[in-house]
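The values are calculated or read from the model by the stated rules, or taken from the named source; none is laboratory data. From a predicted model like this one, the values you see are computed outputs, not experimental measurements. Here the Cβ positions follow ideal geometry from the backbone for every residue, glycine too, while neighbour counts run over all protein chains shown.
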There are 2 protein chains.
Amino acid sequence: MEKVNLKTKILKKEIIKIFKKFGLNNNHALISANAIINAELVGAYGHGLSRLKMYCDRISKKLINPKPKIKIKKISSSISHINADDSIGFVAADIAIKQAIKNAKKTGIGLVAVKNSGHYGLSGYYAEQAVKKNLITMIYTNAPPAVAPHGALKSLFGTNPICFGTPTGSKIPFILDTSISMINRGNIRLAERNNKKIPKGVALDKFGKPTTNAKKALQGVQLPIAGFRGSGLAWMVDILSGVLTGGNHAGKVKDPFDDFSGPQNIGHLFITFKTNLFVKNYNTRIIDNIKKIKKLPKIKGVKEIMYPGQNKYKRFKMNSKKEIKVTHITKKDLETLKR
Amino acid sequence: MEKVNLKTKILKKEIIKIFKKFGLNNNHALISANAIINAELVGAYGHGLSRLKMYCDRISKKLINPKPKIKIKKISSSISHINADDSIGFVAADIAIKQAIKNAKKTGIGLVAVKNSGHYGLSGYYAEQAVKKNLITMIYTNAPPAVAPHGALKSLFGTNPICFGTPTGSKIPFILDTSISMINRGNIRLAERNNKKIPKGVALDKFGKPTTNAKKALQGVQLPIAGFRGSGLAWMVDILSGVLTGGNHAGKVKDPFDDFSGPQNIGHLFITFKTNLFVKNYNTRIIDNIKKIKKLPKIKGVKEIMYPGQNKYKRFKMNSKKEIKVTHITKKDLETLKR
């Protein structure tokens with residue numbers, strides 16, 4: 001697919017302009033644009049500009065509230081509950097992680113639940129904020145049905161990421177941000193379009209049989225990582241981010257691209273705590289931990305044992321120096337939305 | 001392997017007697033015996049009587065302290081740090097989960113870290129205690145090297161379980177207690193003894209090549225679930241339970257069976273919180289969640305979609321009615337240790 005180069009600064013201004021045109025205030029437009037640009041720069045294109053039109057469509061259809069009255073309820077000095085009032089997910093998550101940081105700085109630990117939110121992009125993006133403030137963080141969010149529970153012939157769990165971040169004593173944070181599905185649905189769609197096979201063990205056909213045929217997989221279900229164990233992890237995330245918070249759960253989170261029957265009401269959970277609660281020398285300890293693991297003998301062809309987040313950081317640094325490449329479809333979206 | 005039937009009550013008395021003979025006080029012997037019997041009843045034999053001799057050996061060699069001075073340091077009303085003074089892991093974990101329950105009942109959330117502990121059996125056993133008190137819980141512990149980090153040719157991470165428990169509004173709790181290794185080392189040993197192959201994709205030989213040969217796998221390394229993602233989860237658990245708590249980490253936790261060069265100094269982390277922090281009707285919501293998932297169409301041959309913990313509960317109930325079957329080796333251990 002041919003792509004067009006766009007300057008990051010100009011692109012960011014355009015996104016802000018578009019969001020403002022759709023009713024977001026200055027600050028909310030900036031928060032949303034920053035998150036989208038970040039996704040592009042780390043190479044997570046599925047969370048970047050490819051979603052811009054979807055957000056605007058949902059605002060137009062009054063499914064995302066451009067002027068939300070977001071309420072932060074104090075449960076204790078450590079615990080807060082946020083009703084995001086159907087805001088764009090970026091804004092809800094930004095407020096939530098900042099509150100979780102504040103709570104942890106005050107009491108050692110923060111627990112912040114969010115309801116009535118929407119797709120917020122990458123969990124790791126919010127984890128980075130907490131890690132920059134020298135906190136450890138764990139973040140959970142649910143998502144529209146994509147993965148079948150173990151034994152089921154229908155998708156219900158989202159890709160429900162598990163996210164964990166910690167300072168490392170270096171510039172590059174340890175950010176694990178892992179979905180629990182074997183394969184991205186977008187990749188199956190791509191394989192179908194190009195008439196290619198998908199890997200073994202990532203999807204079942206509509207009869208529940210393993211398939212490497214992309215078309216059959218699209219009619220069937222995607223599988224969680226590690227069978228019953230991955231299914232259990234996805235279920236855990238649905239409970240933590242949905243059942244606990246007051247958000248939708250059990251498959252009720254709507255697909256933002258093709259379900260316009262109501263707001264998504266996604267739930268998120270943010271846990272933060274100080275690194276020095278139990279040891280004085282956390283930085284020394286984590287540096288030592290990473291050093292020991294990196295020194296292990298390597299499998300042939302492996303140059304370096306990477307910790308989660310390292311590759312993403314490298315991509316970010318590299319891409320930040322360049323212009324952002326966008327598809328013609330995205331370019332067209334930008335032009336249409338600006339008008 | 002032929003087995004001998006033993007009455008649970010009598011067996012428990014014998015274990016208590018043995019632990020007391022080795023210097024544990026009444027209460028610590030009872031806590032330890034209960035945990036071991038529970039492992040037998042849920043069918044987790046690797047955490048049951050097969051370890052009894054090992055615990056006693058380590059007490060004899062002064063690597064487990066039978067009379068520990070366990071210190072509970074209050075960091076805040078929510079947060080506690082426990083120095084287990086090289087106690088048997090069961091006792092440290094029992095004190096820790098009780099403290100975590102107390103903290104959560106008082107403030108809504110509990111965070112309890114433990115250092116200088118040892119192998120404590122099943123995380124799920126402690127999760128059940130919190131769930132019985134109507135709390136959600138997350139528990140992490142590290143363990144001796146068993147799994148190679150992604151890209152490495154040497155084991156470093158333990159089987160590092162991720163444990164999550166929640167009340168379900170029914171008698172049977174939701175307890176996810178999942179190791180991050182593809183296969184149990186004991187199962188590889190068993191396959192080697194019986195000249196059987198191991199499944200594909202669970203281990204590498206000493207050159208880093210995938211193998212189904214059990215002998216070659218034992219000379220090589222076990223793999224984490226889901227490649228880089230499982231490796232990241234194992235790393236997360238090592239950081240949360242080791243780096244953060246003051247316990248050993250980065251492969252320094254000693255194998256209790258064959259490394260007598262010092263105490264294990266395992267670390268654990270217990271997180272607990274109330275179910276009703278953000279919603280008043282958590283029980284109704286979780287009942288609804290489980291019901292919806294159970295109602296999904298099933299893969300051919302699947303009778304019921306089970307949530308984590310359901311099977312274990314059934315095994316426990318069934319086995320509780322019967323006598324415990326022990327191997328002749330275990331029977332001999334019991335007799336030797338009693339003397």
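Residues in the range A:156-165 that are at the interface with chain B (Cβ under 9 Å from one of its Cβ atoms) and part of a loop (DSSP other than H, G, I, E, B): 1 in all.
Within the range B:79-129, can you find the residues that are in contact with a helix residue (DSSP H, G or I) (Cβ under 6 Å, 6 or more places away or on another chain), closer than 21 Å to A:Ser76 by Cα and either part of a loop (DSSP other than H, G, I, E, B) or within 12 Å of chain A (Cβ to nearest Cβ) (or both)? Of everything in the range B:79-129, those that are in contact with a helix residue (DSSP H, G or I) (Cβ under 6 Å, 6 or more places away or on another chain), closer than 21 Å to A:Ser76 by Cα and either part of a loop (DSSP other than H, G, I, E, B) or within 12 Å of chain A (Cβ to nearest Cβ) (or both) turn out to be B:Ser80, B:Gly110, B:Val112.
Please find, within the range B:93-116, the residue that is nearest to B:Thr245 (Cα to Cα) out of those that are out of contact with any Pro (no Cβ under 9 Å at 6 or more places or on another chain) and polar (S, T, N, Q). Among them, the one singled out is B:Gln99. When you check B:Lys13 against the structure, is it more than 14 Å from chain A (Cβ to nearest Cβ) and surrounded by fewer than 19 Cβ atoms within 10 Å (Cβ to Cβ), yes or no? Taking the combined requirement at face value, the residue satisfies it. Within the range B:179-202, one or more residues are more than 14 Å from chain A (Cβ to nearest Cβ) and in contact with a Ser or Thr (Cβ under 6 Å, 6 or more places away or on another chain). Taking the criterion of being touching a helix residue (DSSP H, G or I) at 6+ places or on another chain (Cβ under 6 Å) and either in a helix (DSSP H, G or I) or of a type in the set (S, T, N, Q) (or both), the residues of the range A:193-217 that qualify are A:Thr211, A:Ala214, A:Lys215, A:Ala217.
Look at (1) among the hydrophobic types (A, V, I, L, M, F, W, C); (2) outside any strand (DSSP E or B); (3) more than 11 Å from chain B (Cβ to nearest Cβ) and you find that A:Leu233 fails only one, number (3).
With respect to the conditions (1) among the basic types (Lys, Arg); (2) more than 30 Å from B:Tyr282 (Cα to Cα); (3) away from chain A (no Cβ under 14 Å), B:Lys133 falls short on a single one, namely (2). Yes or no: A:Tyr55 assigned by TED's automatic domain parsing to the domain that holds A:Thr275, at pLDDT 95 or above, under 30 Å from B:Ser76 (Cβ atoms) and aromatic (Phe, Trp, Tyr)? So A:Tyr55 does not fit the description; no. Here B:Ile36 does not qualify as surrounded by 16 or more Cβ atoms within 10 Å (Cβ to Cβ), modelled with pLDDT of 95 or more and out of contact with any His (no Cβ under 9 Å at 6 or more places or on another chain). Could you check, for the range B:47-68, whether at least one of its residues is under 17 Å from B:Lys21 (Cβ atoms) and acidic (Asp, Glu)? Scanning the range B:47-68 turns up at least one residue that is under 17 Å from B:Lys21 (Cβ atoms) and acidic (Asp, Glu). Scoring A:Lys69 on the criteria (1) without any contact (Cβ under 8 Å) to a residue 12 or more places away in the chain; (2) away from every other protein chain (no Cβ under 14 Å) leaves a single failure, condition (1). The set of residues in the range B:80-102 being surrounded by 24 or more Cβ atoms within 10 Å (Cβ to Cβ) and within 20 Å of A:Gly108 (Cβ to Cβ) consists of B:Ser80, B:Ile82, B:Ala96, B:Ile97, B:Ala100. Among the residues of the range B:84-98, those that are in contact (Cβ under 8 Å) with a residue 40 or more places away in the chain and touching a strand residue (DSSP E or B) at 6+ places or on another chain (Cβ under 8 Å) comprise B:Asp86, B:Ser87, B:Gly89, B:Ala92, B:Ala93, B:Ala96, B:Ile97. Anything in the range A:208-222 that is over 14 Å from A:Met182 (Cβ atoms) and at pLDDT 90 or above? List them, or say none. Result: A:Lys209, A:Asn213, A:Lys215, A:Lys216. Here the range B:144-155 is the region considered, the condition is being surrounded by fewer than 24 Cβ atoms within 10 Å (Cβ to Cβ) and over 21 Å from A:Phe228 (Cβ atoms), and the residue that is farthest from the other protein chains (Cβ to nearest Cβ) is B:Pro144.
Considered as a group, the residues in the range A:247-301 that are in a loop (DSSP other than H, G, I, E, B) and of a type in the set (D, E, K, R) include one that is nearest to A:Ser78 (Cα to Cα), and that residue is A:Lys280. Here the range B:221-230 is the region considered, the condition is being touching a residue at least 40 places away in the same chain (Cβ under 8 Å) and within 25 Å of B:Lys197 (Cβ to Cβ), and the residue that is farthest from the other protein chains (Cβ to nearest Cβ) is B:Gln222. Candidates are the residues of the range B:23-47 that are touching a residue at least 60 places away in the same chain (Cβ under 8 Å) and outside any helix (DSSP H, G or I); the one that is nearest to B:Leu337 (Cα to Cα) is B:Leu24.
B:Gly230 falls short of the stated requirement of being under 25 Å from A:Gln310 (Cα atoms) and modelled with pLDDT under 90.
Residues of the range B:258-291 that are of a type in the set (S, T, N, Q) and either more than 9 Å from every other protein chain (Cβ to nearest Cβ) or buried (at least 24 other Cβ atoms within 10 Å of the Cβ) (or both): B:Ser261, B:Gln264, B:Asn265, B:Thr272, B:Asn276, B:Asn281, B:Asn283, B:Thr284, B:Asn289. When the range B:239-252 is filtered for residues that are surrounded by 23 or more Cβ atoms within 10 Å (Cβ to Cβ), more than 19 Å from A:Ile180 (Cβ to Cβ) and more than 7 Å from chain A (Cβ to nearest Cβ), the ones remaining, listed by number, are B:Ser241, B:Gly242, B:Gly247, B:Asn248. Could you tell me whether any residue of the range A:48-63 is part of a loop (DSSP other than H, G, I, E, B) and more than 21 Å from A:Lys254 (Cα to Cα)? The answer is no, given that none of the residues of the range A:48-63 is part of a loop (DSSP other than H, G, I, E, B) and more than 21 Å from A:Lys254 (Cα to Cα).
Within the range A:202-214, the set of residues being surrounded by 15 or more Cβ atoms within 10 Å (Cβ to Cβ) and without any contact (Cβ under 8 Å) to a residue 24 or more places away in the chain comprises A:Val202, A:Ala203, A:Asp205, A:Thr211, A:Thr212, A:Asn213.
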